[in-house]
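Read the structure below first, then the notes.
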Amino acid sequence: MSATDVKAAAADGGAELEPRSPVLALDIGGTKLAAGVVDAGGHVHSFLVVPSEAARGPEPVLERLWELGREAMAESGIAPAEIGAVGIGCGGPLDPERGILLAPPHLPGWRDVPVSALAEQAFERPVTLENDATAGAAAEHRYGAGAGVRHMVYLTISTGVGGGVVVDGRLYRGAMENGGELGHVTVDWHGRPCRGCGRRGCLEAYVSGTSIAERAREAGLDVRSAEQVAAAAAVGEPVASEVWAGTVEALGCGLTSIVNLFEPELVVIGGGVSRAGELLLGPVRERVSAGAMGPAARAVEIVSAALGDQVGVVGAAAIVYDRAESRGRGS
Ligand SMILES: [Zn+2]
């Protein structure tokens, strides 16, 4: 698709959108579906979550999501006619311009699903689709920990590791709109296999919740989740502490490279694993501060995300406003 085609498609998709009206925001996760109505100020007027049961395949799962969307609209207290658009966040890879989920690893068997077209049929409103980590970055930048910041990196650490980058106040998307895959920064080029991309030694292969639990089991601990590893490390259990130290080391290493690349004022860390709080952020801050190039190390602050469990729906709305403004700027 040429740049002109991309612009034409974008203009076409947004023709009916009133930029400031509330948005029906939908989030398609590997374990949960979420829906909510969010306004241009980032206020969440309704918020509903159900298990995704992704293995049932796209058709029944999307039917359930549309139903959840209708419930969220009914519960929001906002007149349906005022809800001007639908935003959808989902793990990549995806094609935001064409509104297609390509083959997201968290949704096995979902291939080339035209989710935007299906949502347009279901809700008769323009639909914006975006990578959920990019959407999370938009949400934290507009309404959360990064409000008002010009250069920001967002890292979400949960089942996988996703990222988003704000450069000079604007969300960075890349040539095919899947840029900012910070989870696949290499921290050990002969290292552990990465499930997300098939290479070796990605940040995700060490610090995702899945990888933390896996490394703990390999070290002999009987655990199912990263949360259990964090809890054991917090009380000084020696094996868990060692696994946790490895997590901190990998995150410190990857984040130092990322900070050197972008020289952000702020790094915002979200996702389930970030609930470990200072047990994670404290030592990671020290490593980045000691390891990053001088000016980048002095510029950066590393903080927890502010939006919590609602980041998925707030993000799915934020990208609708972001796209509308980008079109307004003619880019
Ligand atoms: Zn990878």
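What the table shows:
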read-out	value
The listed residue being within 19 Å of the chain's Cα centre (by Cα), surrounded by 23 or more Cβ atoms within 10 Å (Cβ to Cβ) and over 18 Å from H106 (Cα atoms), out of L251, L203	L251
Options A231, A205, A226: the member that is farther than 23 Å from A137 by Cβ and modelled with pLDDT of 95 or more	A231
Boolean, G179 is under 18 Å from P104 (Cβ atoms) and either outside any strand (DSSP E or B) or among the hydrophobic types (A, V, I, L, M, F, W, C) (or both)	yes
Complete set of residues in segment 303-321 that are at pLDDT 95 or above and either acidic (D, E) or assigned to a helix (DSSP H, G or I) (or both)	Q310, V311, G312, V313, V314, G315, A316, A317, A318, I319, V320, Y321
Given (1) surrounded by fewer than 16 Cβ atoms within 10 Å (Cβ to Cβ); (2) touching a strand residue (DSSP E or B) at 6+ places or on another chain (Cβ under 8 Å); (3) at negative phi, number of the condition V320 does not satisfy	(1)
Exclusive hit being open to solvent by less than 70 Å² (accessible area, probe 1.4 Å), at pLDDT below 95 and over 17 Å from L118 (Cα atoms), set A72, A3, A8, A40	A8
Candidates V127, V185, filtered to the one that is within 15 Å of E97 (Cα to Cα) and surrounded by fewer than 24 Cβ atoms within 10 Å (Cβ to Cβ)	V127
Test: T159 is open to solvent by 60 Å² or more (accessible area, probe 1.4 Å) and polar (S, T, N, Q)	yes
Within segment 190-272, helices (runs of 4 or more DSSP H) holding 2 or more residues that are within 16 Å of the ligand (Cβ to nearest atom)	204-207, 209-218, 238-262
Matching residues in segment 278-302 - criterion: being assigned to a helix (DSSP H, G or I), open to solvent by less than 30 Å² (accessible area, probe 1.4 Å) and within 24 Å of R173 (Cβ to Cβ)	A296
Residues located in segment 214-246, provided they are under 12 Å from A276 (Cα atoms), within 25 Å of the chain's Cα centre (by Cα) and in contact (Cβ under 8 Å) with a residue 40 or more places away in the chain	A226, E227, A230
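The values are calculated or read from the model by the stated rules, or taken from the named source; none is laboratory data. This structure is a prediction, so every number in the text was calculated from the model and none was measured. Reconstructed Cβ throughout: ideal geometry from the backbone, glycine too, with neighbour counts over all protein chains shown. Just the protein is used for accessible areas: all its heavy atoms, side chains included, with ligands, DNA and RNA removed. Shrake-Rupley method; radii C 1.70, N 1.55, O 1.52, S 1.80 Å.
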